[in-house]
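Just so it is clear, none of the values below were taken in a lab; they were calculated from the coordinates. Keep in mind that what you see is a predicted model, and the values were worked out from it rather than measured. FYI the Cβ positions are ideal-geometry reconstructions off the backbone, even for glycines, and counts take in every protein chain you see.
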Amino acid sequence: MAAQVLPMFDARLEGQEDWTARCVALLSKMLGDILKGLSMYKISDISSALFNRKADLFGQMLLAFIQKCHGALLEQEHCTCPQCNRVLKRRGMHKRPVETMAGALELERPYFYCTRCSLGIYPLDEALGLSPAIKQDDIQSVGVFLATEVSYEVARETYQRCTGQDFSEHTLHR
């Protein structure tokens with residue numbers, strides 16, 4: 001399931017210093033949207049509605065933590081090439097989808113390129129320890145565990161039922 005891209009913070013709260021208040025405001029809006037979509041109020045309906053949006057909810061909270069912990073790297077204008085020590089200027093912001101056990105998000109981060117070394121650099125990716133794959137190591141670890149314990153089909157269904165996310169970035173063709 002692809003993550004829905006949502007604006008992280010309400011524009012009215014941008015000047016506010018308390019990042020937790022911004023996160024709570026976003027969560028409140030998302031929960032309000034979920035509540036509007038409920039047609040019934042049985043526990044199974046409420047649970048299902050929350051579970052179906054879990055990746056979005058937690059993904060946005062994960063993004064808030066990344067912004068809080070790595071704000072300087074998100075705003076970075078220059079970095080040093082790790083091979084030749086040349087100072088590089090940012091060459092734009094690049095987006096990439098990221099999926100973790102905590103949720104899914106679209107991460108927009110600065111990109112640097114050294115023409116001398118032909119090396120592209122994403123300092124935030126390295127700071128976060130991101131895997132080159134969309135699905136991060138925590139998901140891959142659970143997938144490996146499940147696949148070694150049961151058949152691929154059972155592992156895939158178990159993972160999907162427990163997380164609401166697809167087990168693999170590849171679709172199973174029969």
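Some points to look at:
- A Förster distance of 45 Å, applied to the separation of the beta-carbon atoms of residue 77 and residue 47, puts the FRET efficiency at 0.50.
- Cβ-derived FRET efficiency at R0 25 Å, residue 65 paired with residue 21, nearest 0.05: 0.95
- Of the peptides 30-37, 140-147, the ranking by mean beta-carbon count within 10 Å, highest at the top, reads 140-147, 30-37.
- As a calculated quantity, the FRET efficiency between residue 86 and residue 144 at R0 = 35 Å, using C-beta atoms, amounts to about 0.35.
- Here 118, 28, 131 are placed in order of increasing Cβ neighbour count within 10 Å, fewest first, which gives 118, 28, 131.
- Taking the Cα centre of the chain as origin and assigning +1 to Lys and Arg Cβ atoms and -1 to Asp and Glu Cβ atoms, the resulting dipole is close to 400 debye.
- With 0.36 nm allotted per residue and the present C-alpha distance subtracted, the residue 127-residue 95 stretch has 9.9 nm of extension available.
- Residue with peak Gaussian network fluctuation, the chain [Cα springs, cutoff 10 Å], from 126, 157, 108: 126
- When only Cα pairs below 8 angstrom with a gap of at least 6 residues are kept, the chain shows a relative contact order of 18 percent.
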